[in-house]
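Peer 1: Here you go, one structure.
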Amino acid sequence: MEVRSDPEVVGLFGRLTAVFAVAATGLAVVSGAADWGTTHSVLAAVALPPLAALAIIAWISARRLFSGAIFALATFGLAALLTTKSVHLAAASVAFAAAVYVCALSFRTARDSSHGSVSDYVELTKPRVMSLLLLTGAAATFVGADGVPRASIFVLTMVGLALACGGSGALNHYLDRDIDPLMGERTAARPVAAGRVSPESALEFGLALSALSWVLLDALVNLPTATLALAGNLFYVFVYTRWLKRSTHQNIVIGGAAGAVPPLVGYAGTSGHIGWAAIVMFLIVFIWTPPHFWALALMIKEHYAAANVPMLPVAKGDEETTRQIVRYSWVMLGLTLVPVAFGVFGLVYGGLALLLGGVFMVYALRLRRDPIRERAVSLFHYSMIYLALLFVAMAIDVVIL
């Protein structure tokens, strides 16, 4: 379904939404400065939906002006951060500036329709990858709450995390638009690579989602959660995608830290800080990432080679790759049992961790003995099931005990 814009409808809706958003966000900023507590939180919650709508309206009805808005907001945000003692209030001030700016844009006549379909923009967020990231983050909210978290905090944390993951995914599409057409049908069919979505639109979409993630998490959850989500976003985009992916065969070893951030976000969302359990969850995902992605790289190493991406199978060959997979798998198995030894998790988790890890080792050792594509596929698919069930076991363990 193509997204189309009617200038009159968008203009009218934009004006009404902008007026409401400016008023609500302005009151939220004032209440924050006055330290009105609950009133501030309620006003911030009221302001967020129209702010999200305004971002979409600006993108549809005045897409060519959106880059200017991003620059203006970045400048304003820097000034706000430098002139106020409260980062929280600074973020709210940025949101207020966004509402005012988009209010002006909404009075302009829409000239361009959005390029691409709704499904294309959903694809930009990498929903399949995001689903596993969200699951690890969701499980961590239970661990951070030491039981079942409050529904409101759980939902807000998950929405903010989803926006951060989706934003980084869209920015990844933008940065990889030159190599995606070279890596086979899977990546060549991506929205930007296939020309269904312009690079500019993908960039704007990614920036908008990332900004909304920060505002939502900072305003309605807590500052540590917002900071962690933003840090993971920036690390994935700039450290992994922009730098490591194309420069070293250790790309996924270091870059895997980005995918390990969601448990930190989930834990901080319900606890307000980072504890030892959160660090262990981070390390488990961090160590899990190389075997998972090296299995994928073995499956499509010709595609990586065609795009000159030095994944381990391309740079060092299948023999070294399978050897490293087994090494990391052993470390991962041992690491998953550490929380049991220190009493972080109980026997429910410990038993499942041992069982799931044992099966993982069987797949890894089979691939080591016979490094054929079919066994790489088996390990790749099981690794996702493994991580999902392992984190579900963590959540169940803290709820039961």
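The values are calculated or read from the model by the stated rules, or taken from the named source; none is laboratory data. Since the model is a prediction, treat every value here as computed from it, not as a measurement. Don't worry about glycine lacking a Cβ; one is built from the backbone with ideal geometry, like all the others, and counts go over all protein chains shown.
Peer 1: Which of the residues spanning region 196-210 are assigned to a helix (DSSP H, G or I) and farther than 20 Å from Val155 by Cβ?
Peer 2: At the first step, the residues of region 196-210 found to be assigned to a helix (DSSP H, G or I) are 199-210.
Matches in region 196-210: Pro199, Glu200, Ser201, Ala202, Leu203, Glu204, Phe205, Gly206, Leu207, Ala208.
Matching residues to (1) in a helix (DSSP H, G or I); (2) at pLDDT below 95; (3) of a type in the set (S, T, N, Q); (4) under 22 Å from Leu387 (Cβ atoms):
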{"position": "Ser119", "(1), (2), (3), (4)": "yes, yes, yes, no"}
{"position": "Arg128", "(1), (2), (3), (4)": "yes, yes, no, yes"}
{"position": "Leu132", "(1), (2), (3), (4)": "yes, no, no, yes"}
{"position": "Ala139", "(1), (2), (3), (4)": "yes, no, no, yes"}
{"position": "Val143", "(1), (2), (3), (4)": "yes, no, no, yes"}
{"position": "Thr157", "(1), (2), (3), (4)": "yes, no, yes, yes"}
{"position": "Cys165", "(1), (2), (3), (4)": "yes, no, no, yes"}
{"position": "Ser168", "(1), (2), (3), (4)": "yes, no, yes, yes"}
{"position": "Asn172", "(1), (2), (3), (4)": "yes, no, yes, yes"}
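Peer 1: Can you pull out every residue in region 379-388 that is more than 20 Å from the chain's Cα centre (by Cα) and surrounded by fewer than 22 Cβ atoms within 10 Å (Cβ to Cβ)?
Peer 2: Within region 379-388, Phe380, His381, Tyr382 meet the criteria.
Peer 1: State yes or no: is Leu352 under 29 Å from the mean Cα position of the chain (by Cα), without any contact (Cβ under 8 Å) to a residue 24 or more places away in the chain and in the same structural domain as Asn251 (by TED's automatic domain parsing)?
Peer 2: Working: under 29 Å from the mean Cα position of the chain (by Cα): yes; without any contact (Cβ under 8 Å) to a residue 24 or more places away in the chain: no; in the same structural domain as Asn251 (by TED's automatic domain parsing): yes.
So Leu352 fails the test.
Peer 1: Follow-up. Considering region 243-300 alone, what residues qualify as being surrounded by fewer than 21 Cβ atoms within 10 Å (Cβ to Cβ) and of a type in the set (S, T, N, Q)?
Peer 2: Answer for region 243-300, where residues must be surrounded by fewer than 21 Cβ atoms within 10 Å (Cβ to Cβ) and of a type in the set (S, T, N, Q): Ser247, Thr248, Gln250.
Peer 1: Filtering region 389-401 down to residues that are surrounded by fewer than 20 Cβ atoms within 10 Å (Cβ to Cβ) and touching a Gly at 6+ places or on another chain (Cβ under 9 Å), which residue is nearest to Leu135 (Cα to Cα)?
Peer 2: Val399
Peer 1: May I pose another question? Does region 211-227 include one or more residues that are within 25 Å of Tyr386 (Cβ to Cβ) and either surrounded by 22 or more Cβ atoms within 10 Å (Cβ to Cβ) or free of Cβ contacts under 8 Å to residues at least 24 places away in the same chain (or both)?
Peer 2: Start the filter on region 211-227 by keeping residues that are within 25 Å of Tyr386 (Cβ to Cβ), which leaves none.
So far as region 211-227 goes, no, none of its residues is within 25 Å of Tyr386 (Cβ to Cβ) and either surrounded by 22 or more Cβ atoms within 10 Å (Cβ to Cβ) or free of Cβ contacts under 8 Å to residues at least 24 places away in the same chain (or both).
Peer 1: Looking only at region 319-346, which residues are part of a helix (DSSP H, G or I) and hydrophobic (A, V, I, L, M, F, W, C)?
Peer 2: So in region 319-346, the residues part of a helix (DSSP H, G or I) come out as 319-341.
Ile325, Val326, Trp330, Val331, Met332, Leu333, Leu335, Leu337, Val338, Val340, Ala341, listed by residue number.
Peer 1: Within region 228-242, can you find the residues that are buried (at least 19 other Cβ atoms within 10 Å of the Cβ) and within 14 Å of Val309 (Cα to Cα)?
Peer 2: Quick first cut of region 228-242, residues buried (at least 19 other Cβ atoms within 10 Å of the Cβ) only: 228-230, 232-233, 235-237, 240-241.
Listed by number, the residues that qualify are Tyr240, Thr241.
Peer 1: Determine whether Phe380 is hydrophobic (A, V, I, L, M, F, W, C), assigned by TED's automatic domain parsing to the domain that holds Ser271 and not in a helix (DSSP H, G or I).
Peer 2: Numbers: hydrophobic (A, V, I, L, M, F, W, C): yes; assigned by TED's automatic domain parsing to the domain that holds Ser271: yes; not in a helix (DSSP H, G or I): no.
No: the conditions fail for Phe380.
Peer 1: Something else: Tell me yes or no: at least one residue of region 302-320 is surrounded by fewer than 22 Cβ atoms within 10 Å (Cβ to Cβ), on the phi > 0 side of the Ramachandran plot and polar (S, T, N, Q).
Peer 2: Kept after step one, since they are surrounded by fewer than 22 Cβ atoms within 10 Å (Cβ to Cβ), are these residues of region 302-320: 302-303, 305-310, 314-320.
After this cut, where a residue has to be on the phi > 0 side of the Ramachandran plot as well, the list is 308, 317.
Then keep just the ones that are polar (S, T, N, Q); that gives 308.
So far as region 302-320 goes, yes, one or more of its residues are surrounded by fewer than 22 Cβ atoms within 10 Å (Cβ to Cβ), on the phi > 0 side of the Ramachandran plot and polar (S, T, N, Q).
Peer 1: Something else about it: Give the residues of region 157-210 that are of a type in the set (S, T, N, Q), buried (at least 21 other Cβ atoms within 10 Å of the Cβ) and within 26 Å of Ala305 (Cβ to Cβ), sorted by residue number. Outline the logic, then answer.
Peer 2: In the first step, residues of region 157-210 are kept if they are of a type in the set (S, T, N, Q); the result is 157, 168, 172, 187, 198, 201, 210.
Then keep just the ones that are buried (at least 21 other Cβ atoms within 10 Å of the Cβ); that gives 157, 168, 172, 201, 210.
If the condition is that a residue be of a type in the set (S, T, N, Q), buried (at least 21 other Cβ atoms within 10 Å of the Cβ) and within 26 Å of Ala305 (Cβ to Cβ), then Ser168, Asn172 are the ones that fit.
Peer 1: While we're looking at this one, here's another question. May I ask you to verify whether Val399 is of a type in the set (Val, Ile, Thr), in contact with a helix residue (DSSP H, G or I) (Cβ under 7 Å, 6 or more places away or on another chain) and either assigned to a helix (DSSP H, G or I) or under 18 Å from Gly256 (Cα atoms) (or both)?
Peer 2: Working: of a type in the set (Val, Ile, Thr): yes; in contact with a helix residue (DSSP H, G or I) (Cβ under 7 Å, 6 or more places away or on another chain): yes; either assigned to a helix (DSSP H, G or I) or under 18 Å from Gly256 (Cα atoms) (or both): yes.
For Val399, the condition - of a type in the set (Val, Ile, Thr), in contact with a helix residue (DSSP H, G or I) (Cβ under 7 Å, 6 or more places away or on another chain) and either assigned to a helix (DSSP H, G or I) or under 18 Å from Gly256 (Cα atoms) (or both) - is met.
Peer 1: Out of Gly334, Gly350, Gly357, which single residue is farther than 18 Å from Leu135 by Cα and surrounded by fewer than 16 Cβ atoms within 10 Å (Cβ to Cβ)?
Peer 2: Numbers: Gly350 fails: surrounded by fewer than 16 Cβ atoms within 10 Å (Cβ to Cβ); Gly357 fails: surrounded by fewer than 16 Cβ atoms within 10 Å (Cβ to Cβ).
Only one candidate qualifies: Gly334.
Peer 1: Cβ-Cβ distance below 7 Å, separation of 6 or more or different chains: which pairs start in region 294-317 with a residue that is in contact (Cβ under 8 Å) with a residue 24 or more places away in the chain and end on one that is small (Gly, Ala, Ser) and outside any helix (DSSP H, G or I)?
Peer 2: Taking only residues 6 or more apart or on different chains, the pairs are Ile300/Gly184; His303/Gly184.
Peer 1: Can you tell me which residue within region 194-226, out of those that are β-branched (Val, Ile, Thr) and more than 16 Å from the chain's Cα centre (by Cα), is nearest to His173 (Cα to Cα)? Talk me through it step by step, then tell me what you get.
Peer 2: If we filter region 194-226 for residues that are β-branched (Val, Ile, Thr), which is where we start, we get 197, 215, 221, 225.
In the following step, the residues that additionally are more than 16 Å from the chain's Cα centre (by Cα) were identified as 197, 221.
Details: Val197: 10, Val221: 29 Å.
Across region 194-226, the extreme among qualifying residues is Val197.
Peer 1: Could you tell me how many of the residues in region 227-266 are within 22 Å of Phe205 (Cα to Cα), in a helix (DSSP H, G or I) and over 12 Å from the mean Cα position of the chain (by Cα)?
Peer 2: 5
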